[in-house]
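Notes to accompany the following structure.
The values are calculated or read from the model by the stated rules, or taken from the named source; none is laboratory data. Source: prediction; values computed, not measured. Reconstructed Cβ throughout: ideal geometry from the backbone, glycine too, with neighbour counts over all protein chains shown.
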Amino acid sequence: MSRGRGSSGRGGGGNRPVSSRPVGNRAAGSRAGGSSPTGSTPGGASKGARQVAVRVKTARKRTHSSTLWLQRQLNDPYVTEARRQGYRSRAAFKIIQLDEKFDFFRDAKRIVDLGAAPGGWSQVAADRVPGAKIVALDILPMDEISGVEVLLQDFLADEAPERLKAALGGPADLVLSDMAPPTTGHTKTDHLRIIAMCEMALHFAEEVLAPGGTFVCKVFQGGTEGELLNRMKHHFTSVKHAKPPASRADSAELYVVASGFRGAGPAPE
């Protein structure tokens, strides 16, 4: 596949930043010590009174789709909880829930976060693995995060892999990729494009992962299949698909978690 200018960043408008003023890794007043919520109703939202839905009127200069997006954000408990805990996006809860299931942050000493902006996943990594070398890359600018080296870089640029390797300073234990190209609304096209992005992230992971390492990547409904799935099964001892509760029910996104990297070698026939 030819290398063009890629689209990085958390895909799907629901992961837009929820806070533009970071204080350390999380905002002041947030819970520390990894006590992040894991269920589909964060922060015990379902334990008290029922949340009252907020309706938004369409303003003169706001499109109907923008109004619907804003209304969804205002009624999303993960958006509310992300603000409360100081996470930059609701996507933080996706990686928290995936880690609760697959435990990939344990003992990870070098971590790469591809498509990192606005930084929610990197914040979680810094919280869960204090002292780890964490390198975050995105084509979009993002504020600094304590304990994270941020690279402003197009992942598809020729120099990107070497910049990442130099910043890591050694083999990675965990490669995270939440990169996604802009969606077209055509299911088959969007699936092919996200799979192509996953293939490029996997190729990089195969170059930098230490034996036993883990690769986590966003895909769409249908998951990995064909040559890509066979390739993962060849290079990793376990390949699983998961949809964390924080991923919206109407979203086509899915995540593949490939663990137990066997080491670089020839691809399967």
Fill in: Residue within the range 100-111 that is in contact with a strand residue (DSSP E or B) (Cβ under 9 Å, 6 or more places away or on another chain), charged (D, E, K, R), in a loop (DSSP other than H, G, I, E, B) and touching a residue at least 60 places away in the same chain (Cβ under 8 Å) present
yes
Worksheet entry | Criterion: in contact with a Pro (Cβ under 7 Å, 6 or more places away or on another chain), over 28 Å from Gly226 (Cβ atoms) and either without any contact (Cβ under 8 Å) to a residue 24 or more places away in the chain or not aromatic (Phe, Trp, Tyr) (or both) - qualifying residue of Pro141, Pro130, Pro118 | Pro118
Worksheet item: Is it true that Leu137 is part of a helix (DSSP H, G or I), under 18 Å from His203 (Cβ atoms) and modelled with pLDDT of 95 or more?
Response: no
Discussion item. Anything in the range 175-230 that is surrounded by 15 or more Cβ atoms within 10 Å (Cβ to Cβ), polar (S, T, N, Q) and farther than 27 Å from Asp107 by Cβ? List them, or say none.
Written reply: Thr183, Asn230
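How many residues are more than 20 Å from Phe236 (Cβ to Cβ) and in contact (Cβ under 8 Å) with a residue 24 or more places away in the chain when one looks only at the range 171-188? Can you show your working first?
Kept after step one, since they are more than 20 Å from Phe236 (Cβ to Cβ), are these residues of the range 171-188: 180-188.
Narrowing the set further to residues that are in contact (Cβ under 8 Å) with a residue 24 or more places away in the chain leaves 180-183, 187.
Of the residues in the range 171-188, 5 are more than 20 Å from Phe236 (Cβ to Cβ) and in contact (Cβ under 8 Å) with a residue 24 or more places away in the chain.
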Discussion item. Residues that are in contact with a helix residue (DSSP H, G or I) (Cβ under 7 Å, 6 or more places away or on another chain), part of a loop (DSSP other than H, G, I, E, B) and at positive phi: does the range 118-127 have at least one?
Written reply: no
Discussion item. Going residue by residue through the range 158-175, is there one that turns out to be among the charged types (D, E, K, R), assigned to a loop (DSSP other than H, G, I, E, B) and at pLDDT 95 or above?
Written reply: yes
Worksheet item: If you scan the range 191-212, which residues turn out to be farther than 22 Å from Ala91 by Cβ and at pLDDT 90 or above?
Response: His203, Glu206, Glu207, Val208, Leu209, Ala210, Pro211, Gly212
Worksheet item: Are any residues in the range 214-269 within 22 Å of Asp173 (Cβ to Cβ), free of Cβ contacts under 8 Å to residues at least 40 places away in the same chain and small (Gly, Ala, Ser), and if so, which ones?
Response: Ser238, Gly265
Practice prompt. Take Arg262 and decide whether it is out of contact with any helix residue (DSSP H, G or I) (no Cβ under 6 Å at 6 or more places or on another chain) and among the charged types (D, E, K, R).
Written response: no
